[in-house]
Amino acid sequence: MPNKKPHPSALNEKPGISAPEIISAVAVGNIQHFRKIQPSAKELVEGILDGNITALSRAITLVESTNVNHLAKANEVINACLPHANKSVRIGITGVPGVGKSTFIEAFGKYLTNLGKKVAVLAVDPSSTISHGSILGDKTRMEELVKDKNAFIRPSASGETLGGVARKTRETITLCEAAGFDTIIIETVGVGQSETAVHSMVDFFLLLKISGAGDELQGIKRGIMEMADAIVINKADGDNIKRANLAKLEFNRALHLFPAKKSGWTPTTAACSAITHEGISDVWETIQKFLELTKGNNYFFEKRKEQNQYWMLETINEQLKTNFYSDPEIQKSLESTKKAVQNDEISPFAAAQKLLEKYFKN
């Protein structure tokens, strides 16, 4: 039997094409110069409101910048976009590495764009604590969704933020909403600590699980289970369908052990396959029911108010931390104080108090 021709993939590297001699070096230089020109805040806002993806991407890069000189411009863009935001459904999706988050999001995102939705996927990739690098591989894993004109995928490095939630994800949501995206999906790293931060910026929190990984017993654990509005057992295909349905029953029993949610919503369990797309439509139907209930009892709007307050306080904390470590006097004293702590010449707590007192005296 002859070998089947492999399915073409966007990941295959193709030989490059040499630039024809007719291309002007001057023209190339002009293009490169144009790319280096930084648009004004007003130009970025106008582009975002027109649905210009390039303007949106450049604005997100500006917002994510750690350069203090970019802060005022970034705030100007965000404030101008705020009146045009808050018109989307924000969905957080989490699960341990290997559960199939990217495959699920691609199938789910394609389903939504086929319904006429505009979908923005904000995927946070874990950064290396050694090299500080990040693969940012979601655009290559979601090779079908990335080509969809009604979808926008933005991978961001988590940086030094605890748990892997990019520091500026909340502001990025505002920019995407202003650009006309009505469904925002936030994918977490899935390492444990990031879920709380994501839960504080979304309307619906979806927990992906797989069967046969011992997760059924972990279903009785608190924390992440209490935050979930729905649990979906992924990879329910082939020989795994029976195990997935069994896991679904186990998680359903576990959910009954938790107290009722303030939203009045009873979390659901379901099984799906991101490969065959079986059960994908049911997930969206569940989200629609959740929105109908929570908007009807006003919980949806009250939660968003609480989230805005939470992120104001988080921003204050983040800015104080940045200002502290950027202070020249602190930078002078920090290394010697670290060595004193390492040599047991001063306790960590006394050292911290000493540095804080110096900072507030400046």
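The values are calculated or read from the model by the stated rules, or taken from the named source; none is laboratory data. Given the structure is predicted, the values throughout are model-derived calculations rather than measurements. Glycine also receives a Cβ, built like all others from the backbone with ideal geometry; neighbour counts cover every protein chain displayed.
Summary of computed values
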read-out	value
Yes/no for residue 326 being surrounded by fewer than 12 Cβ atoms within 10 Å (Cβ to Cβ), more than 23 Å from the chain's Cα centre (by Cα) and without any contact (Cβ under 8 Å) to a residue 12 or more places away in the chain	no
Test: residue 261 is surrounded by 11 or more Cβ atoms within 10 Å (Cβ to Cβ), modelled with pLDDT of 95 or more and under 27 Å from the mean Cα position of the chain (by Cα)	no
Verdict on residue 253 being surrounded by fewer than 21 Cβ atoms within 10 Å (Cβ to Cβ), in contact with a Gly (Cβ under 6 Å, 6 or more places away or on another chain), at pLDDT 80 or above and assigned to a helix (DSSP H, G or I)	no
Any chance residue 90 is within 22 Å of residue 185 (Cβ to Cβ), of a type in the set (D, E, K, R), at pLDDT 80 or above and not assigned by TED's automatic domain parsing to the domain that holds residue 112	no
Answer residue from the range 81-118, given it is of a type in the set (A, V, I, L, M) and under 13 Å from the mean Cα position of the chain (by Cα) and is farthest from residue 244 (Cα to Cα) among those	91
Complete set of residues in the range 46-60 that are farther than 19 Å from residue 155 by Cβ, assigned to a helix (DSSP H, G or I) and without any contact (Cβ under 8 Å) to a residue 60 or more places away in the chain	46, 47
Residue that is surrounded by the most Cβ atoms within 10 Å (Cβ to Cβ) [pool: residues in the range 81-98 that are more than 17 Å from residue 274 (Cα to Cα) and polar (S, T, N, Q)]	88
Residue count for the range 61-75, restricted to those that are free of Cβ contacts under 8 Å to residues at least 40 places away in the same chain and assigned to a helix (DSSP H, G or I)	8
